[in-house]
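Asks: Take a look at the following structure, please.
The values are calculated or read from the model by the stated rules, or taken from the named source; none is laboratory data. Predicted model, so just to flag it, every value in this text is computed and none were measured. Cβ sites come from the backbone with ideal geometry, for glycine too, and all protein chains shown count toward neighbours.
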Amino acid sequence: MHGGDRIAAVLHAHGVKFLFTLCGGHISPILVGCKRVGIRVIDVRHEVNAVFAADAVARLTGVPGIAAVTAGPGVTNTITAIKNAQLAQSPLVLLGGATATALKGRGALQDIDQMALMKPHVKWAKAVRTVKDLAPSLVRAFEIAKSGVPGPVFVECPVDLLYEEATVREWYGLKSQSGRSLSERAIKFYLNRHVNHLFAGLDSAQNFSRVEVKPPLPNANDVRAAASRLAKAERPVLLVGSQAVLEASEVAHIARAIEQLGVPVYLSGMGRGLLGKQHPLQMRHKRREALKEADLVILAGVPCDFRLDYGQHIRRSTYLISANRSASDLKKNRKPNLGVRGDAGFFLRFLAESFPKTERWQAWREHLRGRDEQREQEIIQQAAAPNAMLNPVQLCREIEAALPEQSMIIADGGDFVATASYIMSPRAPLSWLDPGVFGTLGVGAGFALGAKLCHPEKEVWLIYGDGSAGYSLAEFDTFARHQIPIIAVVGNDACWSQIAREQVEMLQDEVGTVLAHTDYHRVAEGFGGRGLLLNDARQIGEALSQARQFAAEGHPVLINAHLGKTDFRKGALSM
């Protein structure tokens, strides 16, 4: 059993089904070891997408996602995705290759100080120094990634810990027993002692067993206080964010708890789809107005960051209850009247258990529903507006109509994707993935990859902006090679529209925002997928139907949709 086998044994014991990677000599034993134990190894075209895919798996299953990358550039290429996972509170483990321990700092290939690079962006970083420490370090990594506020961890695995001892001794020139000179014999003595240390203690039993990590539960007194205050409210509003669904196995219970409470709710991030497509409690539009009118607001896993205008959307006279695993997020920019430290999903469950179902907010819900329906009618009218190319609002409405019950939506882009978020309705819990608070462009292919592997029975729709598509189109090669049939729609308006709209108006210059109506569909075809050009509104239904058919036949497909300009999101940029 070499070091790669030991790592694979730990991953297998922890329920890992997929390892995402881009190959490199520093990590080859990990890939081979994982294949031996039945873990599916998915090799991508850029390391950042390996981590994005691992992030998606973590969000959808609750099991930390795993990515393995080679030393140096392999590790540095993951930084954006690691930071995205940190801010999105996604538990994942990044295994990084590294130069041989005896060559550290001596100018070896791809040798840099990876620990200094990774530590600011992860919960925990560990540089393993002996073979016997590989397994316990990885077990500890799983525990830390899942505990408290989840997040990414980094485990550095030097190459001489991963191969068989005989191979490592040969690398170090220890095959022969003696050297010709005193200095050669001294070097061999040192290296022999070093290798002995690397492989010492392997006769003792190794623990590969799974560590169960329980979520932090809210205090019962805080839950009772929240129930008491909710009973007095006349116009309560509930906001549910990604952190409320960190425990993927509990989402059905959380949905039932929200129904039991009867409070009108706005869902965001991974919380989208929690109540299905059209639940009477769920509101989608005019959230700011609802918060201004509310006399009680419950934030379930939602910090008061830029998305709530740093807490300014909520009146100072409104009673604010916030439930959050993070002590800093609990009080960020706005100290709540009642702060509940603990898992937001379990807080909602416990609150519902202690709160009798009531119909006293029916008039309030109808008020909000009326405003929602008015906005829906405005969107319908905007979808019907004539356009020289495709009306993006109309396109999103037709995609929404085409989405089956068994579907997932991956959001990767700016203006077009934000338009889609107003119109497309996830059909079930954990069926919408977006980057989160970091607002990262380029998550799409990795997220789609992880989502389709976790749910092969579902149609996975990747909604791209034409700017964001440029980050990961090469992964159509990955989709084709591994037979992963996702459906991508590129909203192609030949522009970074979300930026251009404000920049041109404020600075009277479009510099840096202009793209082209590039043949993205041909790019997908070149990588082994199917491509469709859509530039006629009369052909939208046919193109969507054809894309679904291609996917059903096992082909990844990309629709290159040429969009016209609209003012649908004018003034919507926030920072």
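Asks: Filtering the range 43-56 down to residues that are touching a Leu at 6+ places or on another chain (Cβ under 7 Å), outside any loop (DSSP other than H, G, I, E, B) and of a type in the set (A, V, I, L, M, F, W, C), which residue is nearest to Leu430 (Cα to Cα)?
Replies: The selected residue is Ala56.
Asks: How many residues does the range 326-358 contain that are within 16 Å of Asn219 (Cβ to Cβ) and either of a type in the set (Gly, Ala, Ser) or not assigned by TED's automatic domain parsing to the domain that holds Ser228 (or both)?
Replies: Within the range 326-358, residues that are within 16 Å of Asn219 (Cβ to Cβ) and either of a type in the set (Gly, Ala, Ser) or not assigned by TED's automatic domain parsing to the domain that holds Ser228 (or both) number 7.
Asks: I've got another one for you. Being surrounded by fewer than 21 Cβ atoms within 10 Å (Cβ to Cβ), under 30 Å from Arg169 (Cα atoms) and in contact with a helix residue (DSSP H, G or I) (Cβ under 9 Å, 6 or more places away or on another chain) is the requirement here; does Pro73 meet it?
Replies: yes
Asks: Also, I was wondering about something else. Modelled with pLDDT under 95 and either on the phi < 0 side of the Ramachandran plot or outside the structural domain of Glu353 (by TED's automatic domain parsing) (or both): does that describe Ala186? Spell out the reasoning first.
Replies: Working: modelled with pLDDT under 95: yes; either on the phi < 0 side of the Ramachandran plot or outside the structural domain of Glu353 (by TED's automatic domain parsing) (or both): yes.
When the stated conditions are applied, Ala186 passes them.
Asks: How many residues does the range 95-110 contain that are crowded, with 17+ Cβ neighbours inside 10 Å and in contact with a Ser or Thr (Cβ under 6 Å, 6 or more places away or on another chain)?
Replies: Total satisfying the criteria: 1.
Asks: Buried (at least 24 other Cβ atoms within 10 Å of the Cβ), over 16 Å from the mean Cα position of the chain (by Cα), in contact (Cβ under 8 Å) with a residue 12 or more places away in the chain and more than 22 Å from Asn207 (Cβ to Cβ): is that true of Ala81 in this structure? Reasoning before the result, please.
Replies: On the way: buried (at least 24 other Cβ atoms within 10 Å of the Cβ): yes; over 16 Å from the mean Cα position of the chain (by Cα): no; in contact (Cβ under 8 Å) with a residue 12 or more places away in the chain: yes; more than 22 Å from Asn207 (Cβ to Cβ): yes.
Considered against the rule, which asks whether it is buried (at least 24 other Cβ atoms within 10 Å of the Cβ), over 16 Å from the mean Cα position of the chain (by Cα), in contact (Cβ under 8 Å) with a residue 12 or more places away in the chain and more than 22 Å from Asn207 (Cβ to Cβ), Ala81 comes out as no.
Asks: Of all residues in the range 373-390, how many are in a helix (DSSP H, G or I) and not polar (S, T, N, Q)? Before the answer, list the steps.
Replies: Initial filter on the range 373-390 (in a helix (DSSP H, G or I)): 373-383.
Keeping just the survivors that are not polar (S, T, N, Q) gives 373, 375-376, 378-380, 383.
Final tally of qualifying residues: 7.
Asks: Any idea which of Ile484, Ile499 is modelled with pLDDT under 95 and assigned by TED's automatic domain parsing to the domain that holds Ala448? Talk me through it step by step, then tell me what you get.
Replies: Values: Ile484 fails: modelled with pLDDT under 95.
Among Ile484, Ile499, only Ile499 is modelled with pLDDT under 95 and assigned by TED's automatic domain parsing to the domain that holds Ala448.
Asks: Residues that are without any contact (Cβ under 8 Å) to a residue 40 or more places away in the chain and of a type in the set (D, E, K, R): does the range 15-33 have at least one?
Replies: No; the residues of the range 15-33 include none that is without any contact (Cβ under 8 Å) to a residue 40 or more places away in the chain and of a type in the set (D, E, K, R).
Asks: Do you know which residues across the range 310-327 are assigned to a strand (DSSP E or B) and β-branched (Val, Ile, Thr)? Step through it out loud before you land on a result.
Replies: The first filter runs over the range 310-327 and keeps only residues assigned to a strand (DSSP E or B), leaving 319-324.
Scanning the range 310-327 gives a single hit, Ile321.
Asks: When only residues in the range 172-221 that are in a helix (DSSP H, G or I) and hydrophobic (A, V, I, L, M, F, W, C) count, which is surrounded by the most Cβ atoms within 10 Å (Cβ to Cβ)? Quick ask: steps written out before the conclusion?
Replies: Pass one, the range 172-221, residues in a helix (DSSP H, G or I): 182-198, 220-221.
Restricting the remaining residues to those that are hydrophobic (A, V, I, L, M, F, W, C) gives 182, 186-187, 189, 191, 195, 198, 220.
Details: Leu182: 8, Ala186: 11, Ile187: 14, Phe189: 11, Leu191: 16, Val195: 19, Leu198: 23, Ala220: 10.
Filtering the range 172-221 for residues that are in a helix (DSSP H, G or I) and hydrophobic (A, V, I, L, M, F, W, C), the one surrounded by the most Cβ atoms within 10 Å (Cβ to Cβ) comes out as Leu198.
Asks: Also, I was wondering about something else. How about the range 453-571: which helices (runs of 4 or more DSSP H) wholly inside it have at least 2 residues that are over 17 Å from Ala411 (Cα atoms)?
Replies: Values: elements: 466-472, 476-481, 497-507, 520-526, 540-552.
Passing ranges, in order: 476-481, 497-507, 520-526, 540-552.
Asks: Which of the residues that make up the range 285-309 are in a helix (DSSP H, G or I) and either farther than 30 Å from Ile379 by Cα or touching a strand residue (DSSP E or B) at 6+ places or on another chain (Cβ under 7 Å) (or both)?
Replies: Within the range 285-309, the subset in a helix (DSSP H, G or I) is 287-293, 306-309.
Of everything in the range 285-309, those that are in a helix (DSSP H, G or I) and either farther than 30 Å from Ile379 by Cα or touching a strand residue (DSSP E or B) at 6+ places or on another chain (Cβ under 7 Å) (or both) turn out to be Arg287, Ala290, Leu291.
Asks: Report yes if Asp466 is crowded, with 23+ Cβ neighbours inside 10 Å and under 27 Å from the mean Cα position of the chain (by Cα), otherwise no.
Replies: yes
Asks: Then there is this: Search the range 460-477 for residues that are under 18 Å from Ala81 (Cβ atoms) and pair each with any residue that is surrounded by 24 or more Cβ atoms within 10 Å (Cβ to Cβ) and polar (S, T, N, Q) when their beta-carbon atoms are under 7 Å apart and the residues are at least 6 apart or on different chains.
Replies: Between residues of the range 460-477 that are under 18 Å from Ala81 (Cβ atoms) and residues that are surrounded by 24 or more Cβ atoms within 10 Å (Cβ to Cβ) and polar (S, T, N, Q), the close pairs are Ser472/Asn49; Glu475/Asn49.
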